[in-house]
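The values are calculated or read from the model by the stated rules, or taken from the named source; none is laboratory data. These numbers come from a predicted model, not from an experiment. Cβ placement follows ideal geometry from the backbone for every residue including glycine, while neighbour counts extend to all protein chains displayed. Quick note on the areas: whole protein, heavy atoms, side chains included, nothing else; ligands and nucleic acids left out. Shrake-Rupley method; radii C 1.70, N 1.55, O 1.52, S 1.80 Å.
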Amino acid sequence: MHIEVSASDSAQVALATQQGAYEKSLTFWQTLRIFWRSTLWIMYGQLVVFGFGIDGVIAGYLLSVPRFRQDYGRSYIVNGAPAYIIPAGMQSLYNGISQLTAIIGALATGTLADTIGRRPTNLLFCLISVAGVSAQFWSNGSLGILTVGKAINGFSIGAWLIIGPLYASEVAPLKLRGWLTSITNIVQFSGVLLFTGVIYAIGAKDSKSAYLILFGSQWAIPSIVILTIYFWPESPVWLCRVKKPDQAKAALRQIHGSNSGIDIEGIFAQIQETIAQENATHEATSSASYMECFKGTDKRRTLICMFVYGCQYLSGIIFVLGYQSYYYQLIGYSAKKSFLLGMLNNAFQFVANILSWFLIDVAGRRPLIVWGQLLCAVALFIIGGTSLPGTYSAYLATVCFMFVWGFVYQLTLGTVAWSVVAELASFRLKSRTQGLANFVLCLVQWVVGFTFPYMFNPDEGNLGGKVGFIFGATTFVGFLGVFFWLPDTKGRTSLEIDELFARKISARHFATTKTSLEEHAPEE
């Protein structure tokens, strides 16, 4: 089956095909040299994801700050000695509340981004974030107020995970699309890395600044965006979808500047042709709904996106990334050394993030995620096994494989998932599909965040590193799912991806099937 294009203007089809062939002919570095200006605008749009990185680990890392436990917790006997802890119930609530509100934020963003645009939606949630962080900063020992503040900030967390990758997938040229959508992960991970660096420097202090500075760090990016977002160009894809072609062309000129190597009319034709074909397929106008995501070929695309995002928090990230410093202290390391180990592990993961940029367009999306899930499952089972003896050498092996897991995860699923979800969704339903994928991500994150303290904490399940068995099993299920369902979108334009889904090409043949656009592409 081929998508019919007879209703489209022949000149527009020719321009769109020519533009697609031109972008395919460029190397990565040629594309970066030509499209450097749009790259910077995309990176600006990804800035807000920095806050998600901090929010995702703040609960676990605050538990490793002795003064925070003293000011917000209660006295408890651990291994025969008095200590301060945060009760598991409050941990679960504080750890999971922002993921719960992020679900609402994600679904609201899917609608808002399509209604008022990407730029106003981003501004709105930055303002909400500033309010939520303010409540956390001035909670003054009250776990209730602290939790309310984290809940408010959660609305923005859910929105930011859509805005950054959404804008990148709509603006990025073909050869940079994988990289610019996958940098979502390194931006959020930069938040984690900076956060662990600050904790290492001040976390052991016996003063309120040991945690107040951590709360305040969440203000930085939203404040910068609020002050500068006026200059950020609106998405030309959204402007075309709401039938504002002149504004779309103006946005394209602002995004790309006056570079003679960039054909604004060609890019505009490509956007218009993709939207025209999608609308013709759906027999619809510019309006879209969440229900449409579960109809026809979009159902398959939506379910794959939801599954891939769900795999992230079923892969053990809350343990290895969020609770690692607390775990190091529970197995005998000092607060200072646990912060150092956490920072080193995060540094290794940061390097893996960068390496994935080069692999994503060499190895492809599917191989990295599929085999990455299998390797992560093996590492988690080993972590569980080495946690059983309770000896120093066994714990040392556990820590080593936590480093191995972190490196493999960030090299594969942790980074590549953002590209996959951004690329698989159609232009027409992109914000809705990403909203649903983020709904699943935040829901799974909330369920895992809520139940994890009951499994892990010394005053509850006391599993410690043995949670590796649980996450190893869920990660293996993720491996089976992506092996059978995940297609590879490497090197495919949006029009080609639409056609391959319309033809119901299987996941394992997606990369090798020739499309009609390739068959009719002009000879070089």
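Give, rounded to the nearest 20 debye, the magnitude of the charge dipole that the stretch 243-283 has about its Cα centre when Lys and Arg contribute +1 at Cβ and Asp and Glu contribute -1 at Cβ.
Its charge dipole is roughly 240 debye.
For A220 paired with V351, estimate the spin-label separation in nm (one decimal), with each label point 7 Å from Cα along the Cα-to-Cβ line.
2.3
At 18 Å minimum axial length over the Cα atoms and a Kyte-Doolittle cut of 0.5, report the qualifying DSSP H helices in the chain, or say none.
Qualifying helices, which must be both long enough and hydrophobic enough, are 49-62, 88-115, 118-137, 143-171, 174-202, 335-359, 365-386, 392-411, 430-456, 467-485.
Any idea which of W371, S419, A102 is furthest toward the positive side of the dipole for the chain, if Lys and Arg beta-carbons carry +1 and Asp and Glu beta-carbons -1?
With unit charges placed on the Cβ atoms, the residue in question is A102.
Ordering S139, S258, S217 by accessible area with a probe of 1.4 Å, largest first, what comes out?
Reading off the accessible areas and sorting them downward yields S258, S217, S139.
Taking a 1.4 Å probe, which of L193, L441 shows the most accessible area, and what order do the others take after it?
Details: L193 45, L441 0 Å².
I get L193, L441, largest accessible area first.
Put +1 on the Cβ of each Lys and Arg and -1 on the Cβ of each Asp and Glu in the stretch 214-314; which of G296, Q254, Y230 then has its Cα farthest toward the positive end of the dipole?
Farthest along the dipole direction, towards plus: G296.
In straight Cα distance, which lysines are under 21 Å from K244, not counting same-chain residues fewer than 8 positions off?
K430
For semi-axes √(5λ) of the Cα gyration tensor in Å, pick the label among (i) 42, 24, 19; (ii) 35, 34, 23; (iii) 63, 29, 22 that corresponds to the value derived from the coordinates.
This structure yields the entry labelled (i).
Calculate the dipole size of the stretch 217-373 relative to its Cα centre from +1 charges on Lys and Arg beta carbons and -1 charges on Asp and Glu beta carbons; express the result in debye to the nearest 20.
Charge dipole, the stretch 217-373, about its Cα centre: 520 debye, nearest 20.
Whole angstrom only: what separates the Cα centroid of the stretch 197-221 from the Cα centroid of the stretch 260-275?
47
Per-residue accessible area for S75 at 1.4 Å probe radius, Å² rounded to 10?
The value for S75 is about 80 Å².
Given only helices, namely DSSP H runs of n ≥ 4 each adding -39500 (n - 2.57), what is the per-residue ellipticity at 222 nm of the chain, to the nearest 500 deg cm²/dmol?
-24000 deg cm²/dmol
Suppose all protein chains stay in the model; what accessible area per residue would a 1.4 Å probe give for the stretch 396-524, in Å²?
Accessible area per residue, the stretch 396-524: 35 Å².
What figure, in Å² to the nearest 10, do you get for the accessible area of I104 with a 1.4 Å probe and non-protein molecules left out?
100
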